[in-house]
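Since the structure comes first, as structure tokens, the remarks are kept for the end.
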Amino acid sequence: MIKKRDTATSKSAGLSKARREILLSSLFCVALVAGAFYWIQNVEQARSFKRNISNVTNNIAEHERKVIIDVLDSIGKRVSAQTSNPQILAALQSDNDSQLRVQEINLRRSFPSAVDAKLIRLGPQGIADETTQTQRLRNHIEIDMLRQSSDQQQLVIEAYQHNGVWLISLLQSINQHGAIIVSFDSDFFARILRNIAGTSVHNELLQRYKGREAVVIAADSKRYNEFAASRPLPVPGWTLVAIPQSAMIEALQSDSTLIWLVCGLCLALIVGSHVIFFLRADTSPQVSVAAKAPPANEEDDEANLERQLARKLAARRPAKDAPPAAPYDPHSGLQPPLPETEPLVKKPVPQIKNPPADSVEGYSVSEESGVRRLNCFRAYDIRGIADRDLDDEHCRQIGLALGSEALARGQNKMLLGRDGRLSSPRIREALLQGMQGSGVDVIDLGLIATPMLHFACHDLNIGNAVMITGSHNPAEYNGLKMILDFQTLSSDDIKNLALRIARQDYHQGQGQLSSDSIEQRYIDRICGDVVIAQSLKVVIDAGNGAVANIAPALFEELGCEVVPLFCDVDGQFPNRNPDPTIPEHLDALAAAVAEHSADIGIAFDGDGDRVAVVSAAGRRPRADELLMVLADDMVSRNPGCEILFDVKCSRLLSELIVNCGGRPVMWKCGHSHMKRKMADSEALLGGEFSGHIFFKERWYGFDDGMYAAARLLESLTLAGTTLDDELNGYPTLFSSPEILLPVDDQHKFALVKNFANQAHFDNAKLVEIDGLRYEFRNGWGLLRASNTGPAITLRFEAESEAVLAGIRKSFAQTLAKIDPKLADSL
């Protein structure tokens, strides 16, 4: 009895000791994990965070330093080049003041961003001579600059205040006859720095002179001044300071979610394993005690062992009545037995949504209304063959319907613009008659590009406009792009205009007609926003379209050397098709770029809202490739910003945006859909495969080929690179062009729906934003109904030519189930 009590006591003591050790072990492990987590979270991560801020700020500061040096060098070379201008030399050597003033005007045109440009004539005795014009210099600093330049025969750069404004001037003497002085305000360089860094950093430009420090450019915020990075500039006494801002800090802050998850997992493993050991401690001490106790009878123990071995051997023998299993013969042609699995579940067939309101094209008005078929009412605009679909009476009724709709929305003024097509003046007269007949006042802006009309809406604060243009279509086409209350009309809005015409639901009145000009305000607005840091030779291919009178002047004022190509308005488009996004339409531009050794060639469509380019090496990048260059620049200055693109664009664009720290957003095709999405979202940049590019950073969110081209040149010159170098740095995929297959308007949406029901693509993700985009692991394919004509459009992209051909073949096989003739065309 005493022996049993001792044994139980021993078991209990062993159990308690084991559990205490397990509890101590678990507490030690938990403390170790908590300590490690605290160190990572509060010490190592904070140290790494600060290091990242310093590294990024230093990189931006170094890049800005190089750009400012390049800008100063470029401007300095242009100033020095003017010293050999024979007309300037003749004006300085003559006593004719009017001749000098003419050359000063020309000099100012050569430096459109400068606040002032002067020619200073010197007399025989130099600046001390009473007949000199040194009194035209602002202060003693400019006089000292003139003395230095004359003595050293080199360019002199200084920053100084005049009338409370900081000026940065470059002065170059001209063979003792005179000097050129060009002055920029500090905001010119501040804009350059803002365009480089965006919201990531703010900048200061400091000037030290005789122990004093002056702030030439001041930073808006110094909250994170402890991370500021300074860089000396080659101008004596100048220092550039980059100070990180909240946008950068927030972008660099690491998410602690993963650390918390790892910590939680470690704690769960520790607790779980120790609970198991703790529970098993109930039995393990008993086994231990029993093993140490001597057996009562060794013979019985051996007998028990023999019985245990006998049972194990019996369990391994097959049953006497069971037939022996035949071994698997690999040469028998039979498959080895498979483990049972769940039955395969057939994936549900994806169902496409109901056709969107885009199917308004081909909208048919009932015959009882007496109005013929309105097949020119499209998803984005009204468009058709001018002489067939847009006769005078039809245009008059459209004008009545548009004016009536504006009045119904509380608007009574409408802007009007037109392109250079031969039918545009006729359509203008009929449209005016209708709009004025509804009681709307019309302001005629004349022959302009479509983006200039959008700009006029914002500049004049009149949100209603109509543009007469056939856009990128051939010469026999024309159409109307319409805006009401700053919103581009599309889909249901355009359908409602057709219904107004069908019902003859018009207001009656007598509106007034006036005219205005927007060209110079448009040029000034872009030149005040865009900085092209290096002088470039640019070939401008206007394609005889509406930008012919404006694009060359714009890029000249931006400081480019312009080579004009097809820059006279001709509504017959004798030199090339108005659509520049088709590569073969850029042959003449590519030849001109090569002939003139130009840095880049820029082409516009018939109304200027699309852009295409040719690089110095002759490359013709697609619009989604240009978007990669622009998105790279945009996200670098605006971490975390949204970039919008349509369903036709390459998946490389989305990957690049993510890698740069931005947020890619895929959306519907069509300039009106994109403009509305730009307005409703936080996207700063958007673009379509068709060449429409939209900026909302520093601009208004509409598609503008000229502004987009200017921003492209700005991003390249500020980065000190070329388009070819940028494109060479991006990966490439194999892709098809956009493929159009003719399908009439009444059946194309039904065909897309039928394709969705017939398609069975394993391991493909279906995107139904606009049509059907099937995303495979190594490529994708798109099928959608065109919103601009009776067709379906397809496009494919893949990692290899073989995969591309395979995806295309699978689409053709599915299409063959619906329309074999259509599949043969694919």
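The values are calculated or read from the model by the stated rules, or taken from the named source; none is laboratory data. Because the structure is a prediction, the values reported are computed rather than measured. Using ideal geometry, Cβ is built from the backbone for each residue, glycine included, and neighbour counts are taken over all protein chains shown. Calculation scope for accessible area: heavy atoms of the full protein, side chains included, ligands and nucleic acids excluded. Shrake-Rupley method; radii C 1.70, N 1.55, O 1.52, S 1.80 Å.
A few notes on this one:
- Scanning the stretch 15-65 for residues that are at pLDDT 75 or above and polar (S, T, N, Q), we see that the one that is farthest from Pro639 (Cα to Cα) is Ser25.
- Take the conditions (1) in a helix (DSSP H, G or I); (2) open to solvent by 60 Å² or more (accessible area, probe 1.4 Å); (3) over 17 Å from Gly559 (Cβ atoms); (4) not aliphatic (A, V, I, L, M); Lys77 misses just one of them, which is (3).
- Of the candidates Asp770, Asp762, the single residue that is touching a Cys at 6+ places or on another chain (Cβ under 6 Å) and either at pLDDT below 95 or open to solvent by 10 Å² or more (accessible area, probe 1.4 Å) (or both) is Asp770.
- When residues of the stretch 569-620 are limited to those that are of a type outside the set (Asp, Glu), assigned to a loop (DSSP other than H, G, I, E, B) and open to solvent by less than 10 Å² (accessible area, probe 1.4 Å), the one farthest from Phe695 (Cα to Cα): Gly571
- Evaluation of His692 against (1) buried (at least 24 other Cβ atoms within 10 Å of the Cβ); (2) closer than 25 Å to Ile68 by Cβ; (3) modelled with pLDDT of 95 or more (one fails), failing number: (2)
- Taken across the stretch 506-523, residues that are open to solvent by less than 20 Å² (accessible area, probe 1.4 Å), touching a helix residue (DSSP H, G or I) at 6+ places or on another chain (Cβ under 8 Å), in a loop (DSSP other than H, G, I, E, B) and among the small types (Gly, Ala, Ser) do occur, with at least one present.
- Meets criteria (of a type in the set (Lys, Arg), within 12 Å of the chain's Cα centre (by Cα) and at pLDDT 95 or above) for Lys648: no
- Applying the criterion of being in contact with a Pro (Cβ under 8 Å, 6 or more places away or on another chain) and assigned to a helix (DSSP H, G or I) to the residues of the stretch 656-689, the residue that is least open to solvent (accessible area, probe 1.4 Å) is Ile657.
- Breaking point among (1) touching a helix residue (DSSP H, G or I) at 6+ places or on another chain (Cβ under 9 Å); (2) open to solvent by 20 Å² or more (accessible area, probe 1.4 Å), for Ser471: (2)
- Among the residues of the stretch 228-256, those that are at pLDDT 90 or above and either surrounded by 13 or more Cβ atoms within 10 Å (Cβ to Cβ) or in contact with a helix residue (DSSP H, G or I) (Cβ under 7 Å, 6 or more places away or on another chain) (or both) comprise Ala228, Ala229, Ser230, Arg231, Leu233, Trp238, Thr239, Leu240, Val241, Ala242, Ile243, Pro244.
- Every residue from the stretch 771-793 that is touching a helix residue (DSSP H, G or I) at 6+ places or on another chain (Cβ under 8 Å) and closer than 19 Å to His673 by Cβ: Gly771, Leu772, Leu783, Arg784, Ala785, Ser786, Asn787, Ala791, Ile792
- Qualifying residues in the stretch 174-187 (those that are in contact with a helix residue (DSSP H, G or I) (Cβ under 9 Å, 6 or more places away or on another chain) and open to solvent by 10 Å² or more (accessible area, probe 1.4 Å)) - the one nearest to Ala81 (Cα to Cα): Asn175
- When Val371 is tested against (1) of a type in the set (A, V, I, L, M); (2) modelled with pLDDT of 50 or more; (3) not in a strand (DSSP E or B), just one condition goes unmet, and that condition is (2).
- Residue identified as under 23 Å from Ala590 (Cβ atoms), modelled with pLDDT of 95 or more and more than 25 Å from the chain's Cα centre (by Cα) among Gly543, Gly511: Gly543
- Scope the stretch 175-225; condition charged (D, E, K, R) and under 30 Å from Ala251 (Cβ atoms); matching residues: Asp187, Arg191, Arg194, Glu204, Asp220, Lys222, Arg223
- Inside the stretch 553-566, residues that are within 15 Å of Val593 (Cα to Cα) and open to solvent by 20 Å² or more (accessible area, probe 1.4 Å) make up a count of 6.
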